[in-house]
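The values are calculated or read from the model by the stated rules, or taken from the named source; none is laboratory data. Since the structure is predicted, the reported quantities are computational estimates derived from the model, not experimental observations. Positions of Cβ are generated from backbone atoms using ideal geometry, with glycine treated the same way; all protein chains shown enter the neighbour counts.
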Amino acid sequence: RVDIRGWAAQLAEHYRRRADVINRGMSGYNTRWAKACLVRDKGDDFSTNDERDDEDDVRVVIPARVDWAVIFFGANDAALPGGSSERQAVPLQEYTENIKEFVREFRRRGATQVVVLSPPPIDHAQRQACAQEKYGEAGAADDRTDEHTQKYAAAAEVAAKEESATFVNIFEKFHQIADELYGGNVGALLSDGLHLNANGNDVVASELRRVLDQPERCPLDFPLHNKFSSERTLDAVLDEHTDATCN
């Protein structure tokens, strides 16, 4: 979302004309549902298009080839069993294995770097206040806790390390910034105790720019307009630009 400075929108702006940012975030999804939707057909969920006999059975969610990938799951997987959002809950071990499968799938699709983000923290008081305002019942927010979500943040780190992926501990980073700037109030980075606000999105975007293998070093998709002149042929300018590579 642009209105809250969504981190994917920020990356799209930062890497404009050098890398296309494709946002496949799906509201409310956990890793179990996302895994089923990556590629849906009668066969293996993680087969690529080239391995299929009947293209009509394939529903592509992400491109057949990617250069960089960011995996950001866990906030919904960490819903409490027995809570009001129990249907979203995914056991810790299954969550860990799903994250590992996502990393492997992006590697199969050519990603040179896969970044795994931990889920962000939970601000229970803020979540209760928002539930009271929205539903007239604060108890509707008794579906997640910071302590339980921390277990999923740790599991995300384990999964990333086992698959040699880059890991960013958003859970820990949010608490660090909250302590340094907001008197320990992690809700200053959240809109409703769960979802990111503009401040939270700024943190995620900044952390990703820090760890990504610098797509900004890649050449522009096409030459700048000032490269064209009457003294050079169009083909010469375009050929020269095509020869440029990421460094």
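Tabulated data for the structure shown
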| quantity | calculated |
| --- | --- |
| Residue in segment 90-100 that is at pLDDT 95 or above and in contact with a strand residue (DSSP E or B) (Cβ under 9 Å, 6 or more places away or on another chain) present | yes |
| Candidates Lys161, Lys134, filtered to the one that is under 23 Å from Val211 (Cβ atoms) and free of Cβ contacts under 8 Å to residues at least 24 places away in the same chain | Lys161 |
| Residue, nearest to the chain's Cα centre (by Cα), within segment 23-54, restricted to residues that are surrounded by 12 or more Cβ atoms within 10 Å (Cβ to Cβ) and at pLDDT 90 or above | Asn23 |
| Search result, residues across segment 155-186 that are of a type in the set (A, V, I, L, M, F, W, C) and under 21 Å from Asn201 (Cα atoms) | Ala156, Phe167, Val168, Ile170, Phe171, Phe174, Ile177, Ala178, Leu181, Val186 |
| Residues satisfying the stated conditions in segment 90-125, i.e. surrounded by fewer than 21 Cβ atoms within 10 Å (Cβ to Cβ) and either of a type in the set (Gly, Ala, Ser) or more than 29 Å from Val21 (Cβ to Cβ) (or both) | Pro91, Leu92, Gln93, Gly110, Ala111, His124, Ala125 |
| Selection count, segment 121-176, where residues are closer than 16 Å to Asp77 by Cα and not in a helix (DSSP H, G or I) | 6 |
| Conditions (1) under 28 Å from Arg65 (Cα atoms); (2) surrounded by fewer than 18 Cβ atoms within 10 Å (Cβ to Cβ): number failed by Glu137 | (1) |
| Cβ pairs under 9 Å, 6+ apart, first in segment 10-29 and more than 17 Å from Gly200 (Cβ to Cβ), second surrounded by fewer than 14 Cβ atoms within 10 Å (Cβ to Cβ) and small (Gly, Ala, Ser) | none |
